[in-house]
Amino acid sequence: MLLINDINKTYHSEEGDEVLALSDINLEMKDKEFVCFIGPSGCGKTTLLRIIAGLEKPDSGTIILHDEPIKGPGPDRGMVFQEYSLFPWRTVLKNITFSLEMKKVPKSQREDTARQYLELVGLSKFADSYPHELSGGMKQRVAIARALVNDPKVLLMDEPFGAVDAQTRNRLQQELLKIWERDKKTLLFITHSVDEAVYLADRVVVFTSRPGRIKEIFKIDLPRPRDRTSVDANVLRERLLSSLGAEMKNTID
Ligand code: ADP
Ligand code: MG
């Protein structure tokens, strides 16, 4: 469904230095699969997500979504970033209707659609609030609703819960799983947290330190709803940590 073929990416700094960000990335994702990316800082996870989003061009390689090569951004891919990327001057509802306005969807229809997604993320009462009136977790819910409003095939999430407290993060994880189970999106989710990856994903892709390569892929065969405290979850977390730990050491050395 989503094919990542031989992706390579080098950045060139103004001083003329080259940073090889991604090297020979190959991955196939199934329809409706939930895949987490995990790896040391600077290993190219965000770069890969931006290439899939069409915001960045690879030096070589292709991304194929449902048999179509990706050439730029499109409504078939929705993106949620770590930092709150809402428009501060727009209400919650107007943040969500933004992309529908771009598509010239009639006003009443776009507000109806936006309200459905607001309800989905449990924020119906906050339609007329402004982002600064919301907590971090609520802002990320709005960002998720905004990403879903075009009914994308793929949801791309870059450490979306990295900046909220642990309790909020757990709740957002559960809500995301509910949305994923209901809407059956293909989901690509970057995280720093081994716990989060084992709780959410069907598969976890571990990246090496720079240049980012795929080091190992873990299949998380735990039934949902998952029990974070189960022995199996613990074993998987340990295996992931040791795979990742070796990479962290490489970064320091
Ligand atoms: P991650 O998300 O895994 O932390 P990134 O994809 O953000 O990693 O970055 C990978 C590498 O590419 C890093 O070394 C980063 O400094 C470099 N990089 C990212 N974006 C740019 C850019 N626009 N220009 C130059 N170098 C960049
Ligand atoms: Mg990143």
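Look at (1) away from ligand 1 (no atom under 16 Å from the Cβ); (2) surrounded by 12 or more Cβ atoms within 10 Å (Cβ to Cβ) and you find that ASP24 fails only one, number (1).
In the set (1) out of contact with any Gly (no Cβ under 9 Å at 6 or more places or on another chain); (2) assigned to a helix (DSSP H, G or I); (3) within 25 Å of ASN26 (Cα to Cα), ALA143 fails one condition alone, (3).
Counted as qualifying within region 147-253 are the strands (runs of 3 or more DSSP E) with 1 or more residues that are exposed (fewer than 15 other Cβ atoms within 10 Å of the Cβ) and charged (D, E, K, R), namely 214-219. Looking at this structure, is ASP17 acidic (Asp, Glu) and either touching a residue at least 60 places away in the same chain (Cβ under 8 Å) or touching a helix residue (DSSP H, G or I) at 6+ places or on another chain (Cβ under 7 Å) (or both)? In short, no. Condition test on GLY44, is it open to solvent by less than 80 Å² (accessible area, probe 1.4 Å), in the same structural domain as LYS9 (by TED's automatic domain parsing) and in contact (Cβ under 8 Å) with a residue 60 or more places away in the chain? Spelling it out, GLY44 is indeed open to solvent by less than 80 Å² (accessible area, probe 1.4 Å), in the same structural domain as LYS9 (by TED's automatic domain parsing) and in contact (Cβ under 8 Å) with a residue 60 or more places away in the chain. Residue pairs whose Cβ atoms lie under 6 Å apart, sitting 6 or more positions apart in sequence or on different chains, and linking a residue in region 191-213 that is under 20 Å from LEU22 (Cβ atoms) to a partner that is aromatic (Phe, Trp, Tyr), are VAL204/PHE218; VAL205/PHE37. Candidates are the residues of region 60-103 that are small (Gly, Ala, Ser) and without any contact (Cβ under 8 Å) to a residue 40 or more places away in the chain; the one that is nearest to PRO131 (Cα to Cα) is GLY74. Once region 202-253 is narrowed to residues that are more than 24 Å from LYS178 (Cβ to Cβ) and β-branched (Val, Ile, Thr), the residue that is nearest to the chain's Cα centre (by Cα) is VAL206. When LYS71 is tested against (1) away from ligand 2 (no atom under 13 Å from the Cβ); (2) touching a Pro at 6+ places or on another chain (Cβ under 7 Å), just one condition goes unmet, and that condition is (2). Taking (1) part of a helix (DSSP H, G or I); (2) on the phi > 0 side of the Ramachandran plot in turn, HIS132 satisfies each apart from (2). Of all residues in region 114-138, which are hydrophobic (A, V, I, L, M, F, W, C) and under 15 Å from TYR84 (Cα atoms)? Of everything in region 114-138, those that are hydrophobic (A, V, I, L, M, F, W, C) and under 15 Å from TYR84 (Cα atoms) turn out to be LEU134, MET138. The number of residues in region 54-86 that are open to solvent by 10 Å² or more (accessible area, probe 1.4 Å), within 16 Å of ligand 1 (Cβ to nearest atom) and under 12 Å from the mean Cα position of the chain (by Cα) comes to 3.
Can you pull out the strands (runs of 3 or more DSSP E) entirely within region 10-112 that have at least 1 residues that are under 26 Å from MET138 (Cβ atoms)?
34-38, 77-80
The values are calculated or read from the model by the stated rules, or taken from the named source; none is laboratory data. Bear in mind the structure is a predicted one, so any value in this text is a computation, not a measurement. Because the Cβ atoms are built from the backbone with ideal geometry, glycine has one as well, and the counts that use them run over all protein chains shown. Accessible surface is based on the protein model in full, side chains and every heavy atom, while ligands, DNA and RNA are left aside. Shrake-Rupley method; radii C 1.70, N 1.55, O 1.52, S 1.80 Å.
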